[in-house]
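Please read the structure below before turning to the comments.
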């Protein structure tokens, strides 16, 4: 998966994208020092821009940080939503869709470890505005999952369950696992990890007789 950086547009002669430089500098500085331990000056030095240039694009350090968090959440949502748009016709199809989504999510973490560090170390509990964005993102993913779960129950693919509780439980699981794996594990076998996550999530929801039959194969 392509490295997640901000690139300037090229029109005629090459020109420096100062806003992009500031955003990329923010990624580096926030991931190294954390939000509370860094200053605007740290970002200015990393981006090699003047203070006036920074404030022409962002009102504050927090303003830049919130933009980065929004980028992380938007990218993760797009990855998840892309594999949830079509309702599956079988457990095997749903498992494959889930596996593909987890692979793409884990590849994003692998290729953007700075974002992973920012998300894990700095996000929840830091600021009510950012907490709201995290909760809002999880609710958007949960709404997609509720449709799949409810349809699966009606079609007999899933056993009866509290759809609201299970959707909210699942919505946060793969990304938190992936973030921790890539920050604290030396080598991650992405296909193997994705297979394990998909198998656990999907067949853990299946009717008990089908789960029992699968375990005997």
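All of the numbers you see were taken from the coordinates with simple rules; none came from a lab. Since the structure is predicted, the reported quantities are computational estimates derived from the model, not experimental observations. We place every Cβ from the backbone using ideal geometry, glycine too, and count neighbours over all the protein chains shown.
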_Förster radius 25 Å - calculated FRET efficiency between residue 153 and residue 173 (Cβ-Cβ, nearest 0.05)_ = 0.80
*Expressed as a whole percent, how much of the Cα-Cα distance distribution for the stretch 69-216 exceeds 28 Å?*
20
*Could you order peptides 169-180, 46-57 by the average number of other Cβ atoms within 10 Å of their residues, highest first?*
169-180, 46-57
*asked:* Could you tell me how far the Cα centroid of the stretch 176-206 sits from the Cα centroid of the stretch 91-114, in Å?
replied: 9
